[in-house]
Amino acid sequence: MSYKAEYIWIDGQQPTAKLRSKGKIVPDGEYPPVWGFDGSSTNQAPGENSDCVLNPVLMVPDPVRGGDNKLVMCEVLLTDMTPHPSNTRAGCAAAAQQYANMDWWFGIEQEYTFFDGIKPLGWPDNGFPAPQGGYYCGVGSDEVFGRPVVEKHMDACLEAGLAIAGINGEVMPAQWEFQIGPIGAPAVGDHLWLARWLLYRIGEDVGISATLDPQACQGRLEWCRGPHQLLHQQNAGGVRRLRSSGGGPEGAPRLAHFQLRSPD
């Protein structure tokens, strides 16, 4: 007997990396092996030397296929088994190992917008929806669009064992948010990317796409962020909260690198 393993990785697209995946049949009782892919099709290798390596780093139950099937988060390696230049996870894992005694926890808020074709889900064919006001954490078919996908996504994350902490509607119609953590690194990144993949995959079945574009619609600027959710477990002083963006506890140290935000 065997099971299906969906290998998932981050490509080399610029300026914003995308998720890729492909399936492999693995014999029961065996861990998914190192695999490969054509990096020339993902902006990770030239055509004349296109082999790249998929190294599994996290395996979870596959809530889409069900049964004994698995989702396999992978990091990308070169053929000499060193980290690919696009592989930022390797550096994160090394830093986490170096500072393991500090027991860092991370929480991430991921905002996204549903699209039906070329327009946000639930928006009128011409013009714009009613002004912002009732959409945030709203209820009712006149203010909430896409909840069935949101609920199915949350259930899928739970079934996969991901550290999803909650969901809520955001201030724009068709805009939602889920939260991951707080958990350590590099696990928080692995869980976030798998949760993103599940969001896209579940949307496929109903013809709805989700974008992480922080400016999916003119007038709104949102992103994946970790405000006020970076925690440091001190050896003798309990949990100390660190501020990663504006509005944190008064006097909390600011993490300057969070001012450099990527498109996603």
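The values are calculated or read from the model by the stated rules, or taken from the named source; none is laboratory data. Worth saying up front: this structure is predicted, and the values here are computed from it rather than measured. Here the Cβ is made from the backbone with ideal geometry for all residues, glycine too, and neighbour counts use every protein chain on show.
Annotations for the structure displayed:
- Any chance Ile183 is in contact with a Cys (Cβ under 7 Å, 6 or more places away or on another chain), farther than 16 Å from Phe115 by Cα and crowded, with 17+ Cβ neighbours inside 10 Å: no
- Gly161 vs. criteria of a type in the set (Gly, Ala, Ser) and either in a helix (DSSP H, G or I) or touching a strand residue (DSSP E or B) at 6+ places or on another chain (Cβ under 9 Å) (or both): yes
- Test: residue in the range 195-204 that is in a loop (DSSP other than H, G, I, E, B) and either within 23 Å of Ala90 (Cα to Cα) or modelled with pLDDT of 95 or more (or both): no
- Members of the range 69-89 found to be within 17 Å of the chain's Cα centre (by Cα) and either at pLDDT below 95 or within 30 Å of Ser2 (Cβ to Cβ) (or both), listed by number: Leu71, Val72, Met73, Cys74, Glu75, Val76, Asn87, Arg89
Residues are listed down the side, and each one gets a yes or a no for (1) in contact with a helix residue (DSSP H, G or I) (Cβ under 9 Å, 6 or more places away or on another chain); (2) within 24 Å of Asn69 (Cα to Cα); (3) modelled with pLDDT of 95 or more:
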{"site": "Ser2", "(1), (2), (3)": "no, yes, yes"}
{"site": "Glu6", "(1), (2), (3)": "yes, yes, yes"}
{"site": "Gly12", "(1), (2), (3)": "yes, no, yes"}
{"site": "Leu19", "(1), (2), (3)": "yes, yes, yes"}
{"site": "Gly23", "(1), (2), (3)": "no, yes, yes"}
{"site": "Asp28", "(1), (2), (3)": "no, yes, yes"}
{"site": "Trp35", "(1), (2), (3)": "no, yes, yes"}
{"site": "Thr42", "(1), (2), (3)": "no, no, yes"}
{"site": "Pro56", "(1), (2), (3)": "no, yes, yes"}
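- Scanning the range 1-16 for residues being of a type outside the set (A, V, I, L, M), in contact with a Ser or Thr (Cβ under 9 Å, 6 or more places away or on another chain) and either over 22 Å from Leu194 (Cβ atoms) or in a strand (DSSP E or B) (or both) gives a total of 4.
- Test: residue in the range 87-105 that is in contact with a strand residue (DSSP E or B) (Cβ under 9 Å, 6 or more places away or on another chain), assigned to a strand (DSSP E or B) and within 22 Å of Trp197 (Cα to Cα): no
- One residue from Gly184, Gly146, Gly169 being over 18 Å from Val60 (Cα atoms) and out of contact with any Leu (no Cβ under 9 Å at 6 or more places or on another chain): Gly169
- Considering the range 17-65, and only residues there that are hydroxyl-bearing (Ser, Thr, Tyr) and surrounded by 11 or more Cβ atoms within 10 Å (Cβ to Cβ), the residue that is farthest from Leu192 (Cα to Cα) turns out to be Ser50.
- Filtered residues of the range 143-160 (kept if of a type in the set (Lys, Arg) and without any contact (Cβ under 8 Å) to a residue 24 or more places away in the chain): Arg147
- On the stretch given as the range 127-158, residues that are over 19 Å from Ser209 (Cβ atoms) and assigned to a loop (DSSP other than H, G, I, E, B) total 16.
- Odd one out for Glu177 among (1) in a strand (DSSP E or B); (2) farther than 22 Å from Arg147 by Cα; (3) among the charged types (D, E, K, R); (4) modelled with pLDDT of 95 or more: (2)
- Selection from the range 157-168 of residues that are crowded, with 19+ Cβ neighbours inside 10 Å and either of a type outside the set (Gly, Ala, Ser) or at pLDDT below 95 (or both): Cys157, Leu162, Ile164
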